[in-house]
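In what follows, a single structure is set out as structure tokens and then discussed.
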Amino acid sequence: MSTDFNISNQINYIPNEARYTNMKYRRTGKSGLLLPEISIGLWHNFGFENNFENATDILKTAFDHGITHFDLANNYGPPYGSAESTFGSIFKHDFKPFRDELIISTKAGWDMWPGPYGNFGSRKYLIASLDQSLQRMGLEYVDIFYHHRPDNETPLEETMGALDHIVRQGKALYVGISQYSAEETIKATKILKSLGTPCLIHQPRYNMMDRWVENGLLDTLENEGVGAIAFSPLKQGVLTNKYLNGFPKDSRAVKDGRYLKTDQINEEVLFKVKKLNDIASSRDQSLAQMAIAWLLKDERISSVLVGASSSGQLLDSIKAINNKEFSKETLSKIEQILKT
Ligand SMILES: NC(=O)c1ccc[n+]([C@@H]2O[C@H](COP(=O)([O-])OP(=O)(O)OC[C@H]3O[C@@H](n4cnc5c(N)ncnc54)[C@H](OP(=O)(O)O)[C@@H]3O)[C@@H](O)[C@H]2O)c1
């Protein structure tokens, strides 16, 4: 009540009162933390080159629909750091009163600044990077801090020790790892457990067309009691209807091309996408919705981490949670298409 009073006096944004009505929340591994079935990532569309109003609109739309988890990394932009700065401005203006309703994550592990201390997995890099991230975002702490990718050159004890230290400093509440193999995950979780800071979550790439996590990682996470948040669930937009009639000018493949190239979306891929799109239509879903629902059918997936270039796309994706049931027949049809 008093919070609402403060909100109307201090900020412009009053979130939808019904924001928790439809979203479902899942337990993250064996932790106490619940994550929304759909989370929003700021990898693309939140850099200084992007439209600030659009970025704000996406985050407000997310929160208005119960998406309580915003995922960032030190090098999201471009330029590096700018997604965190954009988020910091939006947070300051619109989300500050709702800090305790939000799970904000960031990461370090890829190249960030020049010289030997701005990359990989050293204690020096991780601790300095999180300090910079907190400054850019105007936060005292993040909810989850990740090591963004494995680094075979740094002793795992040092990297995990840095994560433990960061939690003890009060700069992160939980820690996670991203892109670690099943074997690396077992080693990392063991070290973290011995330090008294359990690994909360693993963030792997996982979508209908990229299935590496099914070869041991998901089983490992279940055994270790670690949650899983699937990134690029739409294969950066390929698993939607957007490329079925050519390459839209405003699409990631055309506009950006750093991580998704037009030649990756070839006839063979589009043949499968078209067939998957037909199945989605028969379920009264968009393909984006079906691709997200397909991931959520596995209870080991704590959350599906989508991206969006507009609030309209996000609104479409959110509807995935309304139909997560798949008959055996539909699942086998999907497998047949993916195998062709
Ligand atoms: N841990 C890691 O190493 C790592 C790596 C990559 C990503 N991530 C995280 O995962 C998040 C999501 O990754 P992602 O952006 O690749 O996810 P994605 O959900 O697979 O792709 C998002 C893109 O798909 C298109 N799209 C989204 N919803 C749509 C809809 N309903 N209909 C049609 N098109 C739609 C948009 O592309 P257009 O721009 O073409 O409109 C959007 O930018 C990132 O923001 C980041 O937080 C983590």
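The values are calculated or read from the model by the stated rules, or taken from the named source; none is laboratory data. The structure presented is a predicted model; accordingly, all values stated were derived computationally and were not measured. Cβ placement follows ideal geometry from the backbone for every residue including glycine, while neighbour counts extend to all protein chains displayed.
Which of the residues belonging to the stretch 211-250 are surrounded by fewer than 17 Cβ atoms within 10 Å (Cβ to Cβ) and either more than 14 Å from the ligand (Cβ to nearest atom) or not in a loop (DSSP other than H, G, I, E, B) (or both)? Residues satisfying the conditions are R211, W212, E214, N215, G216, D219, E222, N223, G225. Please find, within the stretch 34-77, the residue that is surrounded by the most Cβ atoms within 10 Å (Cβ to Cβ) out of those that are among the aromatic types (F, W, Y) and within 14 Å of the ligand (Cβ to nearest atom). My answer is F46.
Pairs linking a residue in the stretch 209-222 that is without any contact (Cβ under 8 Å) to a residue 60 or more places away in the chain to a residue that is part of a helix (DSSP H, G or I) and not β-branched (V, I, T), with Cβ atoms under 6 Å and 6 or more positions apart or on different chains, are G216/A182; L217/A182; T220/A182. When S317 is tested against (1) more than 8 Å from the ligand (Cβ to nearest atom); (2) among the hydroxyl-bearing types (S, T, Y); (3) in contact with a strand residue (DSSP E or B) (Cβ under 7 Å, 6 or more places away or on another chain), exactly one condition is not met: (1). The set of residues in the stretch 291-319 that are surrounded by 18 or more Cβ atoms within 10 Å (Cβ to Cβ), farther than 23 Å from Y259 by Cβ and aliphatic (A, V, I, L, M) comprises A293, L296, I318.
Within the stretch 137-155, being over 19 Å from the mean Cα position of the chain (by Cα) and among the charged types (D, E, K, R) holds for E140, D151, E153.
Candidates are the residues of the stretch 201-210 that are within 15 Å of S178 (Cβ to Cβ) and surrounded by 21 or more Cβ atoms within 10 Å (Cβ to Cβ); the one that is nearest to the ligand (Cβ to nearest atom) is Q203.
Within the span defined as the stretch 110-119, every residue fails to be surrounded by 18 or more Cβ atoms within 10 Å (Cβ to Cβ) and touching a strand residue (DSSP E or B) at 6+ places or on another chain (Cβ under 7 Å). Among strands (runs of 3 or more DSSP E) entirely within the stretch 3-82, having at least 2 residues that are at pLDDT 95 or above and over 28 Å from A228 (Cβ atoms) singles out no element at all. When every residue of the stretch 293-306 is checked against the conditions, none turns out to be farther than 21 Å from S232 by Cβ, in a loop (DSSP other than H, G, I, E, B), more than 16 Å from the ligand (Cβ to nearest atom) and in contact (Cβ under 8 Å) with a residue 40 or more places away in the chain.
Filter the stretch 320-338 for residues that are part of a loop (DSSP other than H, G, I, E, B) and of a type outside the set (K, R); which is nearest to the ligand (Cβ to nearest atom)?
This residue is N323.
For the stretch 133-148, which residues satisfy the criterion of being in contact with a strand residue (DSSP E or B) (Cβ under 9 Å, 6 or more places away or on another chain) and surrounded by fewer than 18 Cβ atoms within 10 Å (Cβ to Cβ)? If the condition is that a residue be in contact with a strand residue (DSSP E or B) (Cβ under 9 Å, 6 or more places away or on another chain) and surrounded by fewer than 18 Cβ atoms within 10 Å (Cβ to Cβ), then Y141 is the only one that fits.
Considering Y80, Y13, the condition of being aromatic (F, W, Y), closer than 27 Å to M160 by Cα and either within 16 Å of the ligand (Cβ to nearest atom) or in contact (Cβ under 8 Å) with a residue 60 or more places away in the chain (or both) is satisfied by Y80 alone. Looking only at residues in the stretch 227-243 that are touching a helix residue (DSSP H, G or I) at 6+ places or on another chain (Cβ under 6 Å) and hydrophobic (A, V, I, L, M, F, W, C), the one that is farthest from A288 (Cα to Cα) is A228. Going by what's in this entry, would K275 be described as more than 16 Å from N45 (Cβ to Cβ) and touching a residue at least 60 places away in the same chain (Cβ under 8 Å)? For K275, the condition - more than 16 Å from N45 (Cβ to Cβ) and touching a residue at least 60 places away in the same chain (Cβ under 8 Å) - is met.
Filtering the stretch 16-62 down to residues that are charged (D, E, K, R) and in contact (Cβ under 8 Å) with a residue 40 or more places away in the chain, which residue is nearest to E101 (Cα to Cα)?
R19
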